[in-house]
Amino acid sequence: MIHYENVHKAFDLPVLSGVTMSVHEGEMFALFGPSGTGKSVLLKSTIGLIRPDRGHVRVAGESVFQGGKDTLERIRRKAGYVFQHSALFDSLNVHDNVLMGLPEDELRGERGVRASRRVWDALELVNLEPTQVLGKLPAELSGGMKKRVGIARAIVGHPQILLWDEPTTGLDPVNTAAVERLIMRLSRELETTSLLVTHDVEGGLEMCDRVAMLDGGLVRFCGSPEEFRESPDPVVQAFVDRAAAEAALDLAGDPSGLA
């Protein structure tokens, strides 16, 4: 469904230095790596938000950057994007924020009752009660509710692909676990291909069919969660051990004792 071939990207310094990787149709795929290794850059390149300096990105066989404007629009219609900090519009209420997730032609054609019905359904899918939140502004929502509204906006257009950019950043362990359960349920019920960038390594390993790790601008590992945990690569093992230690600290600091 998604294929990256020899993707390079530099800003002041190189970030991606030849990433080649594929995400199969219907699978949940997690992307790990230390901060600054280009995980979000790679994710944004999937729908043309960031253009690589070299290399190719293909979605469902179509080139993101060589297929022209119509192809890019078609690819973007296939994908829902969950931004790291929800990225809700402060001046719009929940209804209008979620409505923005509809493709432009559908947004023009489904004004009124039908569009509101789709917003309502998306909010119910993320376990929010529409009657209680539709008219609220983002400032009136908790952090966990903002995350769910951002997810509702990503799924309202019925995408084939869901791209998750650090969806649990800033959440406590209880809300992190709740959002991860939601990600698994939505990916299963909506039958999407999910690519998840996350700092929660244990959560990603529990959720996903395959995982990859970026290091030094390249794919250091790609395989099953079991293979990742048991990898003899010292860099991978050090990353796994560090992630496990951080998870233990988070759990110790959670007064509910839940992760």
Project the alpha carbons of segment 122-206 onto their principal axes and report the range along each, largest first, in whole Å. 36, 28, 16
Could you size up the charge dipole of segment 23-63 around its Cα centre, putting +1 on the beta carbon of Lys and Arg and -1 on that of Asp and Glu, and report it in debye to the nearest 20? 220 debye
Please give every one of the lysines within straight-line cross-link reach of K39, meaning a C-alpha to C-alpha distance under 24 Å, and leave out same-chain neighbours fewer than 8 residues apart. K9, K78, K146, K147
Place +1 on the Cβ of every Lys and Arg and -1 on the Cβ of every Asp and Glu in segment 42-160, take the dipole about the Cα centre, and give the residue among I155, S91, T71 whose Cα lies farthest towards its positive end. T71
Length added when fully stretched, Q66-M184, from 0.36 nm per residue minus Cα-Cα: 39.2 nm
With the chain treated as a Gaussian network of Cα nodes joined by springs under 10 Å, which of P130, P103, P232 yields the largest mean-square fluctuation? P232
Using a 1.4 Å probe on the protein heavy atoms, what percent of the accessible area of segment 84-207 belongs to carbon and sulfur? 50 percent
With the chain reduced to its Cα atoms and the Debye formula applied, log10 I(q)/I(0) at q = 0.11, 0.13 1/Å amounts to -0.61, -0.85
Hey, what D do you get for segment 33-167 in µm²/s if you plug the Kirkwood alpha-carbon radius into Stokes-Einstein at 25 °C and 0.890 mPa s? 156 µm²/s
The base-10 log of I(q)/I(0) that the Debye equation returns for segment 186-252 at q = 0.12, 0.13, 0.23, 0.24 Å⁻¹, one scatterer per C-alpha, is -0.34, -0.40, -1.06, -1.13
Treating cross-link reach as a plain straight distance, find the aspartates and glutamates whose alpha-carbon is under 12 Å from the alpha-carbon of K44, omitting any fewer than eight places away in the same chain. D165
Between the residues P14, A139, L195, the Cα farthest towards the positive end of the dipole of the chain, that dipole coming from +1 and -1 charges on the beta-carbon of Lys, Arg, Asp and Glu, is from A139
Can you give the accessible area per residue of the chain, in Å², using a 1.4 Å probe? 48 Å²
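The values are calculated or read from the model by the stated rules, or taken from the named source; none is laboratory data. These numbers were taken from a predicted model, which means no experiment stands behind them. No Cβ is skipped: glycine too gets one built from the backbone with ideal geometry, and neighbour counts run over all protein chains shown. These accessible areas exclude ligands, DNA and RNA; they are computed on the full protein's heavy atoms, side chains included. Shrake-Rupley method; radii C 1.70, N 1.55, O 1.52, S 1.80 Å.
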